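Worksheet: one structure, shown below.
The values are calculated or read from the model by the stated rules, or taken from the named source; none is laboratory data. These numbers were taken from a predicted model, which means no experiment stands behind them. Ideal geometry is used to build each Cβ from the backbone, glycine not excepted, and the neighbour counts take in all protein chains shown.
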Amino acid sequence: MTDGAAILLSRHLARSQPSVTSAQDAGVLRKVLEQAYARLTSFDPGYAWTSGQWMTERPGGSDVSRTETLARLGSEEELKADENTFASAADSVDMPLGPWFIDGFKWFSSATDADMVVLLAQTQKGLSAFYAPMKRTVVGVGGKRTPVMNGVCISRLKNKMGTKGLPTAELEIKGMRGWLLGEEGRGVREISAILNATRLWTAVGATGSWGRGLAVAKAYCQVRKIKGEQVLAENRQHVRWLAEEAVKYRAATHLAFLGVALLGISEWGVEVAAKGTRAGEWLPRDKQEAEILLRILTPVMKAQCSLAATLGLRECMESLGGVGYCENNEDDGLMNIARLLRDSSVNSIWEGTSNILAEDFVRATRGQVGGRAIEALGTMLDKMLEVASLRFAEHVETIKQTWHDLRTFLTTKKEVEALYRGKGLLRSMEDIVCAALLLVDACCTQGEVERVIADRWLASRISKKKHLLSDTSALTESEIDKQILFGSSAIRAVRRDSKL
């Protein structure tokens, strides 16, 4: 949320005027946003700020169109009275408070202990975005300056399934002073800059937790004895199970970091973002094209990586048996997959459930902008498949046909039909993009493991040939399983003494 807020403020600072409304002093607002941006991007913990993002309310949940929080422009008399009450019109870092008064109730507000917030509220012209500091200054007797909450009162903290360390609260907002960002009635468009960042962070964070769970599962199976001196890592069925999870994890990681690469290109250009990599052969060269691709792929990354990671962590927990079901808080929770699973579960809910993201994806494929996005994606896939065509001609044709079918559906079916099949469309897009990424990855090495990973992904997600019915012997495949799970140099699991 902090990164997303920094992106949003930087876009306003790049304009000649940070806000188009005449009710706000553009020069003062610029100074306020410059101060906030400097703190959001600082590495000094004594100076740096974090940001919250408040959208969710009781009536609508993820549907922000039902927002009930109201914002109104204060009159000169109201602003003067407010200043007299606090003997100050400055925030906690002596920046001027905005001329808008915000009142309402936010039902699910993450980062309650942040230093600033970007929030949505209704004005006379519709849903709008606002910047507000969390604290303002009150001047007491003798001129003593004390920071107090800027019209925010915590109603109660949420008793959540996971992410216990992050305070999430129901907040009553009364007389909060803030600044309008952009135009009135264009709040969703403004806050989408934050959503793109937070959704990408969610995809990357989800796969990171999944990777941690797999690391624990791999380490455990090398020490857990099952038959005499045999360890789980020598049980072919167990290794195959985890190897299949490793294939899914590899695909999800490629998908998430494709988003990272596209974001890098949109901000810095491909020469910087892809420097020293072979990905420059197929990544978009144009910043605007990268932004368009992010618009269509971000919902896919956030939805699919989040869900896959949660399901994957459940598999990792099961692979440890009863040990996985326990909290395992010893050694600072190094083996606590149960906590990872609880914390990861929120990823498929916050910043839009899978249904919301499916609708967002469908909207991104509509109209002129949607047509450009589909065209840009087709161009990138063509370049990726061209890289893979010499080694994987059959796979390339399979992906091309699958992409042709999906593209035809997206461009010819009515929106109501696409929305009905939205979650399936997310899955199909994930299948295609991950297949292309895995093939490109396999072309970057002469090893066998990457090729098998790509084979297995296509067999399970795209090809009609089922990997379960493979003619390859169990002995041969089990050796490949070990390589997928433990790495090419770890054909045989290392025996270690168990500490459990």
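Please count how many residues of the stretch 3-39 are touching a residue at least 60 places away in the same chain (Cβ under 8 Å) and not in a loop (DSSP other than H, G, I, E, B). Number of matching residues: 16.
Scan the stretch 196-213 for residues that are crowded, with 21+ Cβ neighbours inside 10 Å and either of a type in the set (Lys, Arg) or not assigned by TED's automatic domain parsing to the domain that holds SER344 (or both) and jot them down. Result: ARG199, single match. Only one of the numbered conditions (1) more than 26 Å from THR412 (Cα to Cα); (2) under 20 Å from the mean Cα position of the chain (by Cα) is not met by CYS326, and that is (2). Can you find even one residue in the stretch 264-277 that is basic (Lys, Arg), assigned by TED's automatic domain parsing to the domain that holds LEU426, in contact (Cβ under 8 Å) with a residue 24 or more places away in the chain and under 20 Å from MET384 (Cα atoms)? Looking through the stretch 264-277, none of the residues is basic (Lys, Arg), assigned by TED's automatic domain parsing to the domain that holds LEU426, in contact (Cβ under 8 Å) with a residue 24 or more places away in the chain and under 20 Å from MET384 (Cα atoms). Looking only at residues that are of a type in the set (Ser, Thr, Tyr) and in contact (Cβ under 8 Å) with a residue 60 or more places away in the chain in the stretch 299-345, which one is farthest from ALA373 (Cα to Cα)? Only one residue tops the list, namely SER319. Taking the stretch 290-327 as the range and being at pLDDT below 95 and among the charged types (D, E, K, R) as the test, the residues that pass are GLU291, ARG295, GLU327.
With the condition being under 31 Å from the mean Cα position of the chain (by Cα), I'd like the strands (runs of 3 or more DSSP E) fully within the stretch 46-120 carrying at least 3 qualifying residues.
Because the criterion is at least 3 residues that are under 31 Å from the mean Cα position of the chain (by Cα), the strands (runs of 3 or more DSSP E) in the stretch 46-120 that meet it are 51-54, 100-109.
Would it be correct to say that ASP82 is within 27 Å of GLY165 (Cβ to Cβ) and out of contact with any Asp or Glu (no Cβ under 6 Å at 6 or more places or on another chain)?
Values: within 27 Å of GLY165 (Cβ to Cβ): no; out of contact with any Asp or Glu (no Cβ under 6 Å at 6 or more places or on another chain): yes.
No, not satisfied.
Residues PRO167, PRO147: which one is more than 29 Å from the chain's Cα centre (by Cα) and either in the same structural domain as GLU83 (by TED's automatic domain parsing) or not in a strand (DSSP E or B) (or both)? Only one candidate qualifies: PRO147. What do you reckon, is GLY182 over 17 Å from MET55 (Cβ atoms) and among the small types (Gly, Ala, Ser)? Against the criterion (over 17 Å from MET55 (Cβ atoms) and among the small types (Gly, Ala, Ser)), GLY182 does not qualify. A search for C-beta distances below 7 Å between a residue of the stretch 192-208 that is at pLDDT 90 or above and any residue that is among the basic types (Lys, Arg), counting only pairs 6+ apart in sequence or on different chains, returns ARG199/LYS302; THR202/LYS302; ALA203/LYS302. Looking only at residues in the stretch 1-20 that are of a type outside the set (A, V, I, L, M, F, W, C) and buried (at least 19 other Cβ atoms within 10 Å of the Cβ), the one that is farthest from GLY264 (Cα to Cα) is SER19.
In the stretch 170-208, the residue that is farthest from ALA81 (Cα to Cα) out of those that are of a type in the set (D, E, K, R) and in a strand (DSSP E or B) is GLU170.
Based on this model, can you work out whether ILE349 counts as out of contact with any helix residue (DSSP H, G or I) (no Cβ under 6 Å at 6 or more places or on another chain), closer than 19 Å to LYS423 by Cα and without any contact (Cβ under 8 Å) to a residue 40 or more places away in the chain? It would help to see each step written out before you state the result.
On the way: out of contact with any helix residue (DSSP H, G or I) (no Cβ under 6 Å at 6 or more places or on another chain): yes; closer than 19 Å to LYS423 by Cα: yes; without any contact (Cβ under 8 Å) to a residue 40 or more places away in the chain: yes.
Yes: the conditions hold for ILE349.
Residue-wise test of (1) outside any helix (DSSP H, G or I); (2) assigned by TED's automatic domain parsing to the domain that holds THR412; (3) surrounded by fewer than 16 Cβ atoms within 10 Å (Cβ to Cβ).
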| site | (1), (2), (3) |
| --- | --- |
| LEU283 | yes, yes, no |
| GLU289 | no, yes, no |
| PRO299 | no, yes, no |
| LYS302 | no, yes, no |
| ALA309 | no, yes, no |
| LEU390 | yes, yes, yes |
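I'd like the residue in the stretch 179-188 that is over 11 Å from LEU120 (Cα atoms) and not acidic (Asp, Glu) and, out of all such residues, is modelled with the lowest pLDDT. Residue satisfying both the conditions and the ranking: GLY182. Residues that are small (Gly, Ala, Ser) and crowded, with 23+ Cβ neighbours inside 10 Å within the stretch 401-443 comprise ALA435, ALA436, listed in sequence order.
What do you reckon, is GLY228 within 14 Å of the chain's Cα centre (by Cα), of a type outside the set (D, E, K, R) and surrounded by fewer than 18 Cβ atoms within 10 Å (Cβ to Cβ)? Talk me through it step by step, then tell me what you get.
Details: within 14 Å of the chain's Cα centre (by Cα): no; of a type outside the set (D, E, K, R): yes; surrounded by fewer than 18 Cβ atoms within 10 Å (Cβ to Cβ): yes.
No, not satisfied.
Considering only residues that are at pLDDT 80 or above and part of a loop (DSSP other than H, G, I, E, B), which ones fall in the stretch 442-456? Answer for the stretch 442-456, where residues must be at pLDDT 80 or above and part of a loop (DSSP other than H, G, I, E, B): CYS444, THR445, GLU448.
When LEU357, LEU377, LEU381, LEU406 are screened for being in a helix (DSSP H, G or I), hydrophobic (A, V, I, L, M, F, W, C) and without any contact (Cβ under 8 Å) to a residue 40 or more places away in the chain, only LEU406 passes.
Here TYR37, TYR47 are screened, and the one residue that is within 26 Å of SER10 (Cβ to Cβ), modelled with pLDDT of 95 or more and surrounded by 14 or more Cβ atoms within 10 Å (Cβ to Cβ) is TYR37. Return the residue satisfying two criteria in turn: it lies in the stretch 457-489 and is more than 14 Å from VAL239 (Cβ to Cβ), at pLDDT 80 or above and of a type outside the set (Phe, Trp, Tyr), and of such residues it is surrounded by the most Cβ atoms within 10 Å (Cβ to Cβ). Looking at the filtered set, the residue picked out is LEU458.
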